[in-house]
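Worksheet: one structure, shown below.
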Amino acid sequence: MRSDTDLLQAASPRLASFLGRRAAATPTGTQSLLALRLRRFAMAALTLLTYAALSFSFAEIIGGDGWSAPEIAMFVCFVVSAPWIIIGFWNATIGFALLRFAEDPVATVAPCVLKARADAPVEGRHAIVMCIRHEDPARVVRRLDAIVASLEATPYGDRFDLFVLSDSQKPEMILAEEAAIGAWRAGLDDPTRAIYRRRESNEGFKAGNVRDFLDRWADRYEVMITLDADSVMSGATILRLVRVMQANPKLGILQTLVVGLPARTVFGRAFQFGMRASMRSYSMGAAWWGGDCGPYWGHNAAIRAQAFRDHARLPEVPGTPPLGGAVLSHDLYEAVLMRKAGYEVRVLPEEGGSWEDNPATLTEFIRRNLRWCQGNMQYLKLIRSPGLPFVGRVNLLIAILMYLGAPAWMGFMLAGAAQAWGPPTLFSIGHGGEFSLTLGTVLLCVMMLVLFAPKIMGYLDVVLRPDESRRYGGAPAFLASVAAEISFGLLFAPIVSFTVTTFLFRLFVLRRGVGWASQNRDGDRVTWRESAAALWPATAFGGALALSFALSAPAVLFWAAPVLGSFLLAIPFAVLTARENTHLRIGAIPEESDPPAEVRAVSDGLRRKPPRWVQPLSPFRFDGAEQETGGYSAAAPAE
């Protein structure tokens, strides 16, 4: 069977030469640059053609009888918001096709894995690095213990040293960390291989914490496995990463597909289920064309330590905070810098052995999302840095578009509300015509398909594989969870878009950003007061829109009901979904029915017996009300 490279060369020698016939392969020598550029050309063509077709169709619908000012605004908002969802559609579609029809999907998108033998000896020394700041020490130690135990069950556990890099500043938190980690280290066979280090100052935030480690210790280690405080990885997965890195000296970063640990709250369970469905097909498709210029997500990844130290030093973003200063969303830019230095950055879009906690509540998700939003907006300045690879700039642009779509969507709704009052037509192009209900309905259905494609493709992939459906409890249980997650998503998405929109206004107009706060990973209940304080603007916005439509065009209320309902129900939605609910099995994931040892060790509902150190070494209880500043409240130890 002829390869895509051979077919292109036969069909168009000039195009083949233009796409890079002379450059034989990526830095690891495992993938043809011509084939990879052909994939990128195909992805760009599909995206641009879809974008043009949808934009033209929308213009035909709203401009058929002339253009008013609100209609012009609606069209502008549409063309701003469309690129992100179109890219997501094609990523998911390509990923689904690979999962269903490729003989080895992972090797298709990351051929460097083929150079590594599954039984290859692990040589040299490697570091496992966990960054923490104002975290519950019992949770941290539980994860460290699970990772070390899993590694020690392999033949190469002695090849790894473990570092806990603390940026905590609160005196009570420092004491708790030192006590918990010290007692845990004392129980290890070789305590010298577990190092706890706390910085006195926090320059550069998490990235600065890792930079300090690299400047001190990178020369001792070949590969660094990066972890967040909520990360868990199996020993087998860590060895797989190291073996692939050993077999490919020009592989700089190898990112795993991180899936959520079993959640206990309604929000956490619905969120983990939806993310689990969409991530695999989306990541597979993105890796197909991203190739050697993939992303790094900041944790659960293998990094070539000395190369990262030498080439991924972050610059200061020009200007003053909140958009200037230290890079907040450091991971993606570090990946671009590594590719600039001649190292590949790859994603392994396969599930297994790599987990994290997902946000347990809507308010906690919003806090994290806005922090990411602020960091991604810094890319507006960094994207113009000299020498960056073209695909790296594309990745930065996609990260920016991910958040710019939110204000475009909100602007679209405001313009639609204004249009419902019947403003005069400013000008007409062509002969005009009546509104086409058929074309409008078709476009609406197409946009819904494009918008929800990542989840649809993920759900189809599970349903079409009986073995996979059984991992979710069988097809009926899986489909019930799908229905629940769709209902959740309809309420969830508009709220998030509104919060992003108002935050971007504060960020760019009022110059107010978010601080570096630790996360509430335990999912403490959200109070009505807390929910109202965070979400009353969304509720007011929804009420104003509903009133406007009721007075100007009552028939529109039916079509706008899902979005308006999301805004009007935002406060009770945040409160009710923060409650625990595991007995109904809605939103269940495979790790709940058949939990690996590492998952069982760190999940409260799945652990058979608490580790010996949890109760006596946890003199502080987590207080969600103080989480914004990373606070803990004293409490008596459990009896």
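The values are calculated or read from the model by the stated rules, or taken from the named source; none is laboratory data. Worth saying up front: this structure is predicted, and the values here are computed from it rather than measured. Cβ: placed from backbone, ideal geometry, glycine included. Neighbour counts: every protein chain shown. In case anyone asks, the SASA skips ligands and DNA or RNA and just uses the protein heavy atoms, side chains included. Shrake-Rupley method; radii C 1.70, N 1.55, O 1.52, S 1.80 Å.
Worth a mention:
- Within segment 328-352, the set of residues being open to solvent by less than 30 Å² (accessible area, probe 1.4 Å) and either touching a strand residue (DSSP E or B) at 6+ places or on another chain (Cβ under 6 Å) or of a type in the set (D, E, K, R) (or both) comprises Glu334, Ala335, Met338, Glu344, Val345, Arg346, Val347, Leu348.
- Test: residue in segment 562-569 that is modelled with pLDDT of 90 or more, among the aliphatic types (A, V, I, L, M) and part of a loop (DSSP other than H, G, I, E, B): yes
- Gly66 over 18 Å from Ala453 (Cα atoms), in contact with a strand residue (DSSP E or B) (Cβ under 7 Å, 6 or more places away or on another chain) and open to solvent by less than 40 Å² (accessible area, probe 1.4 Å): yes
- Single match in Gly422, Gly387 (criterion: within 23 Å of Ala287 (Cα to Cα) and in contact with a helix residue (DSSP H, G or I) (Cβ under 9 Å, 6 or more places away or on another chain)): Gly387
- One residue stands out among those in segment 339-352 that are under 22 Å from Thr237 (Cα atoms) and either in a helix (DSSP H, G or I) or not acidic (Asp, Glu) (or both): the one that is farthest from the chain's Cα centre (by Cα), which is Tyr343.
- The listed residue being over 29 Å from Ala149 (Cα atoms) and modelled with pLDDT of 90 or more, out of Ala578, Ala601: Ala578
- Some residue of segment 242-257 being in contact with a His (Cβ under 8 Å, 6 or more places away or on another chain) and in a helix (DSSP H, G or I): yes
- So Leu569, is it out of contact with any Cys (no Cβ under 8 Å at 6 or more places or on another chain) and open to solvent by 70 Å² or more (accessible area, probe 1.4 Å): yes
- Yes/no for Ala286 being open to solvent by 10 Å² or more (accessible area, probe 1.4 Å), modelled with pLDDT of 95 or more and within 30 Å of Asp461 (Cβ to Cβ): yes
- Unique match (being closer than 18 Å to Ser354 by Cα and of a type outside the set (Ser, Thr, Tyr)) among Pro572, Pro596, Pro554: Pro596
- When restricted to residues that are more than 20 Å from the chain's Cα centre (by Cα), outside any loop (DSSP other than H, G, I, E, B) and of a type in the set (Gly, Ala, Ser), segment 317-338 contains 1.
- Those residues of segment 445-472 which are in contact (Cβ under 8 Å) with a residue 40 or more places away in the chain, open to solvent by 70 Å² or more (accessible area, probe 1.4 Å), within 18 Å of Gly587 (Cα to Cα) and hydrophobic (A, V, I, L, M, F, W, C), in sequence order: Leu460
- Some residue of segment 194-216 being of a type in the set (S, T, N, Q), open to solvent by less than 10 Å² (accessible area, probe 1.4 Å) and outside any helix (DSSP H, G or I): no
- Residue check, Ser487 open to solvent by 40 Å² or more (accessible area, probe 1.4 Å) and farther than 19 Å from Arg368 by Cβ: yes
- Of all residue pairs spaced 6 or more apart or on separate chains, those with beta-carbon atoms under 6 Å, a first member in segment 385-403 that is in contact (Cβ under 8 Å) with a residue 12 or more places away in the chain and in a helix (DSSP H, G or I) and a second member that is of a type in the set (S, T, N, Q) and buried (at least 19 other Cβ atoms within 10 Å of the Cβ) are Ala399/Asn376; Ile400/Asn376; Tyr403/Asn376.
- Here Leu314 fits the description: surrounded by fewer than 21 Cβ atoms within 10 Å (Cβ to Cβ) and either of a type outside the set (S, T, N, Q) or in a helix (DSSP H, G or I) (or both).
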